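Encoded as structure tokens, the structure appears first; notes follow it.
Any read-out appearing in this document is the output of simple, stated calculations on the displayed coordinates, not a laboratory observation. If you're wondering where the values come from, they're calculated on a predicted model, not measured in any experiment. Reconstructed Cβ throughout: ideal geometry from the backbone, glycine too, with neighbour counts over all protein chains shown.
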Amino acid sequence: MGTSHRLTDGAALRDLVPRVLASLVRRGEAFDAAEDALQEALIEALRVWPEHPPRDPRAWLAAVATRRLVDARRSEAARARREEEVQAEPPPGPVSDAGDDTLFLLFTCCHPDLAPTSQVALTLRAVGGLTTREIADAFYVPEATMAQRISRAKRTLRGRRLDQPGDLAVVLRVLYLIYTTGHSERVDLAAEAIRLARQLTLATEEPEARGLLALMLLNHARWPARFDAEGRVVTLDRQDRSRWDTRAIAEGVRVLQSALVLQRPGRYQIEAAIAALHDDAASAEETDWPQILAWYDDLVALTDDPPRQDPAAVLGRAVAVGHVVGPVAGLLETDRVRGVLGDRYRWHAVRAYLHELGGDRLAAGAAYAEAARRATNVAERDHLVRQAARVRASGA
Amino acid sequence: MPKYLLLKHYRGGPEPHRPVPPIDQWAPEDVEAHMAFQDHVSRLLEESGEYVDARALTPAQTWVRYGGPDAAPVTTDGPHPETSDLVAGWWMIDVDSYERAVELAAYVSSEPGPGGEPLYEWIDVREILWERPTD
């Protein structure tokens with residue numbers, strides 16, 4: 001049957017995870033026990049559904065997870081030699097919609113008492129419905145390590161009140177972290193981050209949630225052009241723009257516009273606007289740098305002390321200044337964050353780019369080489385070594 | 001089967017057989033050939049069923065030791081003496097014999113350098129201890 005095939009296909013099944021989990025927790029089950037029980041139910045579903053597709057997959061998962069919870073309580077009770085007083089069917093929780101469920105679980109998984117690595121892992125499992133194995137693979141750690149990280153995170157949440165609205169800013173940061181680390185590691189979690197952000201925008205009107213979704217879509221649209229056939233990094237100015245995902249760009253622009261009309265700007269909306277301007281240029285030469293610079297001005301204006309509070313924005317703005325005013329002015333801008341970012345490869349890479357833009361190949365070569373020494377991933381390191389060799393050769 | 005690390009170094013080891021400038025000062029085509037060879041070695045090891053792992057390390061190095069009770073850890077970020085060893089990365093291989101490990105290390109060392117000529121880089125071959133007796 002088509003339905004069962006779709007369900008065991010992954011995405012549709014995973015969409016049910018936050019709904020079922022939220023319903024279990026809302027009716028009083030402990031978060032960690034409910035999450036374990038649902039994981040077992042999911043494994044059971046993958047085994048049983050291909051042969052016997054359920055009529056109501058969500059009810060099926062909830063019933064099986066509930067049975068597991070009851071079993072777990074029974075054996076615990078037996079171990080303690082206590083009288084068995086198990087309620088087979090806990091009272092149904094209040095009726096909620098999908099948006100509420102997603103938001104509730106995101107706030108739980110992104111609880112401020114958890115470290116970022118734990119927030120990420122828990123969000124991917126409890127909201128994203130990924131298996132521990134998949135998450136472990138994505139972050140290149142042994143499965144046992146990831147399992148331990150998740151169970152420690154759940155233990156931390158034990159006894160915490162989970163009925164308060166959480167901090168949306170933390171949720172947005174966690175989703176963005178999933179997006180960016182997803183790109184750098186073996187398994188592409190970027191698509192997963194986009195899926196979660198899309199769910200979040202259904203749950204909240206907050207324009208920054210839409211801003212984040214737009215930012216991810218607009219950046220991810222360029223991903224197919226970011227590497228050549230040999231896996232080498234291709235910078236924005238050299239990318240084959242026909243390989244950009246125009247549908248993702250169109251959706252990103254639409255989402256961004258729906259956020260901007262609300263007139264409550266924030267960093268994700270602004271960064272998305274900058275990404276949209278890059279996506280909109282038919283060639284690197286046609287990039288609307290004055291407009292990009294104007295958005296960067298807005299971005300750095302969000303904080304009182306940009307070099308300390310948002311040095312990445314200052315560095316990004318330096319590139320725009322380099323194009324609008326000139327490379328020397330751009331380099332002067334980078335000096336403002338030398339103290340904060342001077343040991344990072346990006347700072348040296350931006351300086352190298354601006355030196356090259358200004359025709360100073362000697363300085364560009366040295367800065368690219370310095371950036372390569374500080375790079376934190378092989379693809380970027382190799383790219384920077386190539387850049388150094390290239391500008392040095394062209395200057396000879 | 002024994003496992004070995006084939007270690008590459010940023011510096012340290014015996015006197016270089018063929019001293020060369022840093023790679024970022026090579027001709028672009030030599031850089032390409034060198035990098036392509038590294039990928040080729042990983043693929044070759046995978047195809048022969050001897051590949052376990054390959055990793056590269058950044059050259060940043062911090063030495064850390066216990067600072068004593070109620071004291072912060074003691075760290076030295078360098079600069080470290082130019083004579084000290086600095087590991088750049090490794091292949092971990094699972095092979096039939098020590099001889100095979102040496103053969104592979106020599107092959108790694110034949111990687112192209114400036115002018116497309118072999119680099120003759122010294123490769124540090126280290127055997128990995130098993131956790132338990134195997135007999």
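Details
- Matching residues in region B:58-70 - criterion: being assigned to a loop (DSSP other than H, G, I, E, B) and β-branched (Val, Ile, Thr): B:THR58, B:THR62
- Of all the criteria given as (1) within 19 Å of A:VAL385 (Cβ to Cβ); (2) within 17 Å of the chain's Cα centre (by Cα), the one not satisfied by B:ASP30 is (2).
- Failed item in (1) in a helix (DSSP H, G or I); (2) in contact with a Ser or Thr (Cβ under 9 Å, 6 or more places away or on another chain), with A:HIS52 passing the rest: (1)
- Taken together, the criteria exclude B:LEU57 from residues that are within 12 Å of chain A (Cβ to nearest Cβ), touching a Phe, Trp or Tyr at 6+ places or on another chain (Cβ under 6 Å) and of a type outside the set (Lys, Arg).
- Taking region A:322-396 as the region of interest, the helices (runs of 4 or more DSSP H) fully inside it that hold 2 or more residues being within 11 Å of another protein chain (Cβ to nearest Cβ), closer than 16 Å to B:ILE23 by Cβ and of a type in the set (A, V, I, L, M) are A:361-374, A:378-395.
- Residues of region B:1-29 that turn out to be among the β-branched types (Val, Ile, Thr) and not in a helix (DSSP H, G or I), as a count: 1
- Scan region B:37-68 for residues that are farther than 18 Å from B:LEU6 by Cα and either surrounded by fewer than 12 Cβ atoms within 10 Å (Cβ to Cβ) or free of Cβ contacts under 8 Å to residues at least 24 places away in the same chain (or both) and the total you get is 8.
- Residue match in region A:282-291 (condition: buried (at least 21 other Cβ atoms within 10 Å of the Cβ) and not aromatic (Phe, Trp, Tyr)): no
- Per-region count, region A:272-285, residues in a helix (DSSP H, G or I) and under 16 Å from A:THR246 (Cβ atoms): 6
- Restricted to region B:1-24, and to residues there that are free of Cβ contacts under 8 Å to residues at least 60 places away in the same chain and buried (at least 17 other Cβ atoms within 10 Å of the Cβ), the residue that is farthest from the chain's Cα centre (by Cα) is B:ASP24.
- Hits in region B:1-29 - residues which are within 8 Å of chain A (Cβ to nearest Cβ) and among the acidic types (Asp, Glu): B:ASP24
- If you go through region A:9-37 and keep only what is crowded, with 20+ Cβ neighbours inside 10 Å and touching a residue at least 40 places away in the same chain (Cβ under 8 Å), you end up with A:LEU16, A:VAL17, A:PRO18, A:VAL20, A:LEU21, A:ALA22, A:SER23, A:LEU24, A:VAL25, A:GLU29, A:PHE31, A:GLU35.
- When region A:347-376 is filtered for residues that are more than 17 Å from A:VAL314 (Cβ to Cβ) and of a type in the set (Phe, Trp, Tyr), only A:TYR368 remains.
- Of all residues in region B:78-87 being within 14 Å of chain A (Cβ to nearest Cβ) and surrounded by 11 or more Cβ atoms within 10 Å (Cβ to Cβ), the one that is nearest to the chain's Cα centre (by Cα): B:LEU86
- B:ARG55 meets the conditions (1) out of contact with any helix residue (DSSP H, G or I) (no Cβ under 8 Å at 6 or more places or on another chain); (2) assigned to a loop (DSSP other than H, G, I, E, B) in every case but one. The failed one is (2).
- When restricted to residues that are under 22 Å from the mean Cα position of the chain (by Cα) and within 14 Å of chain B (Cβ to nearest Cβ), region A:229-251 contains 1.
- Residue in region B:30-40 that is touching a strand residue (DSSP E or B) at 6+ places or on another chain (Cβ under 7 Å), in a helix (DSSP H, G or I) and aromatic (Phe, Trp, Tyr) present: yes
- Any chance A:ALA229 is over 25 Å from A:ALA169 (Cβ atoms), without any contact (Cβ under 8 Å) to a residue 40 or more places away in the chain and loosely packed, with under 14 Cβ neighbours inside 10 Å: yes
- Verdict on A:LEU315 being surrounded by fewer than 21 Cβ atoms within 10 Å (Cβ to Cβ) and in contact (Cβ under 8 Å) with a residue 12 or more places away in the chain: no
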